[in-house]
Amino acid sequence: MTLKEAKVKSTVKVVKLHGEGAVKRRIMDMGITKGVVIKVVKVAPLGDPLEINVRGYELSLRKADADLIEVC
């Protein structure tokens, strides 16, 4: 399952980051790394972006980027 598929108000744990190069680096720079717990706060009316809570701060993430984050 990817972060894009996670339900609103659910809490998930990062298993693996997909993607390469600058995209993967940018996701890691935002604090999303293997083992981190993420809470899906809400989704925009048209479905993009997602608002998540990671490491104590709110973050908006595009669905394309959320699809690169494998969670359980």
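The values are calculated or read from the model by the stated rules, or taken from the named source; none is laboratory data. All of these numbers come straight from a predicted model, not from anything done at the bench. Heads up, the Cβs are rebuilt from the backbone with ideal geometry, glycines too, and the neighbour counts pull from every protein chain shown. The protein model used for the area step is the full one, side chains on, heavy atoms only, and it has no ligands, DNA or RNA in it. Shrake-Rupley method; radii C 1.70, N 1.55, O 1.52, S 1.80 Å.
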Binned at 10 Å starting from 0, the alpha-carbon pair-distance distribution of the chain in whole percents comes out as 22, 62, 16, 0
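Put Met1, Met30 in order of accessible area, largest first, 1.4 Å probe: what do you get?
Details: Met1 110, Met30 40 Å².
The ordering from most to least exposed comes out as Met1, Met30.
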Taking a label point 7 Å from the Cα of Ala44 along Cα-to-Cβ, the residues of segment 58-72 whose backbone nitrogen sits under 14 Å from it are 59-66
Expressed as a whole-number percentage, the relative contact order of segment 1-61 with C-alpha contacts under 8 angstrom and at least six residues apart is 29
Scalar couplings 3J(HN,Hα) for segment 4-17 by Karplus 6.51 cos²θ - 1.76 cosθ + 1.60 (θ = phi - 60°), nearest whole Hz, x for Gly and Pro, are 4, 8, 5, 7, 4, 6, 8, 10, 10, 10, 6, 9, 7, 9
Sorted by chain and number, the residues with a modelled amide H under 5 Å from that of Lys42, at a separation of 5 or more or across chains, are Glu51
Dividing the helical contributions, -39500 (n - 2.57) per DSSP H run of n ≥ 4, by the residues of the chain yields a 222 nm value, nearest 500 deg cm²/dmol, of -4500 deg cm²/dmol
The answer for the chain, accessible area per residue at 1.4 Å probe in Å², is 61
Taking a straight Cα-to-Cα line shorter than 18 Å from Lys24, and setting aside same-chain lysines fewer than 8 residues away, one finds Lys4, Lys13, Lys16, Lys34, Lys63
Order by accessible surface, 1.4 Å probe, largest leading, for residues Glu51, Glu58 comes to Glu58, Glu51
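What does the charge dipole of the chain about its Cα centre add up to, to the nearest 20 debye, if the Cβ of each Lys and Arg holds +1 and the Cβ of each Asp and Glu holds -1?
Taking the Cα centre of the chain as origin, the dipole is about 200 debye.
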